[in-house]
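The values are calculated or read from the model by the stated rules, or taken from the named source; none is laboratory data. All figures in this text were calculated on a predicted structure; none of them were measured in a lab. Backbone-built Cβ (ideal geometry, glycine too); neighbour counts: all protein chains shown. The area values use the complete protein model at the heavy-atom level, side chains included, leaving out ligands, DNA and RNA. Shrake-Rupley method; radii C 1.70, N 1.55, O 1.52, S 1.80 Å.
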Amino acid sequence: MKKLLGILLCISFALSANAQLLWKISGKGLEKPSYIFGTYHLSPLSIKDSIAAMPQAMNETSQVYGEIVMADLMQPAAMQSMQQQMMLPKDTTLQSLFTSEQYEEIGKAVKENMMVDIAMLARLKPAAISQQLTVLIFMKHTPGFNPQTSLDAYFQQQAGQQGKKVGGLETAQSQIDILFNNQPLRRQATLLYCMASDIEKSVDQSKRLILAYEKQDLDAMLQLMEERDGNFCDPLPGEMEALLDNRNKAWVEKMPSIMTEAPTLFVVGAGHLPGSNGVLNLLKGQGYTIEAMK
């Protein structure tokens with residue numbers, strides 16, 4: 001579950017205050033400042049209204065960059081690719097990835113939370129089932145959460161309506177690969193079993209992440225992401241680097257030219273902001289001034 005939450009949050013470095021989601025980027029020759037806002041993909045949209053400086057960030061920027069251009073995911077080619085990547089190879093079934101006891105336990109969790117028999121999901125990759133379970137858990141336990149109105153999409157839609165450029169730091173296909181191809185099938189199966197075998201723990205972790213995000217406490221979110229149980233459910237060597245660190249470094253290589261082109265509001269998952277290899281620290285290491293917007 002921690003790994004999955006890390007994909008949907010999919011997240012130390014000390015500044016004056018880390019209880020912030022919106023940050024100003026200035027200096028190093030920028031004529032006008034840019035901003036970066038940390039989202040939580042499963043957060044209620046209402047969090048934006050609690051950030052007093054958000055209108056300033058929107059007004060002072062002329063383009064919005066997300067992890068991807070959200071509208072690209074709705075294009076027929078992307079939707080077709082996603083559907084294909086969610087499916088198991090023809091020579092593999094979901095049941096073949098588990099022991100009979102594990103398969104039965106996962107089946108119970110699927111029935112209770114997704115209201116379908118696990119046999120109906122026989123062709124889906126474990127990662128696809130994990131994500132559907134996660135969304136349904138959040139829908140049950142997060143007041144105001146609506147999977148159809150994400151923060152990431154909201155800011156891009158607002159930019160489009162105002163005639164601003166909308167761009168992405170990654171492609172839609174790269175995110176599809178992260179969701180469904182980032183790990184071998186056996187590893188996906190292990191993580192699905194970890195989640196399904198202890199739904200109550202998953203719910204507790206979800207609630208704690210929601211609370212930390214609502215408090216705009218990046219350090220608390222980072223600590224939750226770094227919790228370990230000392231068993232096979234913990235991230236394997238390299239997994240978190242592939243999910244966070246490597247992507248952060250790739251984004252920070254692109255951001256200077258984007259900010260030079262025009263003042264930009266970057267809207268990315270909050271989990272990418274804190275930590276020694278977080279975007280905030282990497283930008284500071286490049287010589288930019290990073291200030292929390294209270």
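Overview of values
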item: Check on M255, in contact with a strand residue (DSSP E or B) (Cβ under 8 Å, 6 or more places away or on another chain) and part of a helix (DSSP H, G or I); result: yes
item: Test: S50 is under 18 Å from the mean Cα position of the chain (by Cα), open to solvent by less than 80 Å² (accessible area, probe 1.4 Å) and polar (S, T, N, Q); result: no
item: Qualifying position, being of a type in the set (V, I, T), within 18 Å of S34 (Cα to Cα) and surrounded by 23 or more Cβ atoms within 10 Å (Cβ to Cβ), among T264, T260, T289; result: T264
item: Odd one out for M79, checked against (1) under 30 Å from L280 (Cβ atoms); (2) part of a helix (DSSP H, G or I); result: (1)
item: Residues being hydrophobic (A, V, I, L, M, F, W, C), open to solvent by 50 Å² or more (accessible area, probe 1.4 Å) and either closer than 19 Å to M293 by Cβ or part of a loop (DSSP other than H, G, I, E, B) (or both) - total across the range 192-223; result: 0
item: Looking only at the range 28-45, and only at residues there that are within 21 Å of H272 (Cα to Cα) and not in a strand (DSSP E or B), the one that is modelled with the lowest pLDDT; result: L42
item: Qualifying positions in the range 224-238 - within 30 Å of E112 (Cβ to Cβ) and either in a loop (DSSP other than H, G, I, E, B) or open to solvent by 20 Å² or more (accessible area, probe 1.4 Å) (or both); result: L224, E226, E227, R228, D229, G230, N231, F232, C233, D234, P235, L236
item: Given (1) assigned to a loop (DSSP other than H, G, I, E, B); (2) closer than 30 Å to E253 by Cβ, index of the condition Y154 fails; result: (1)
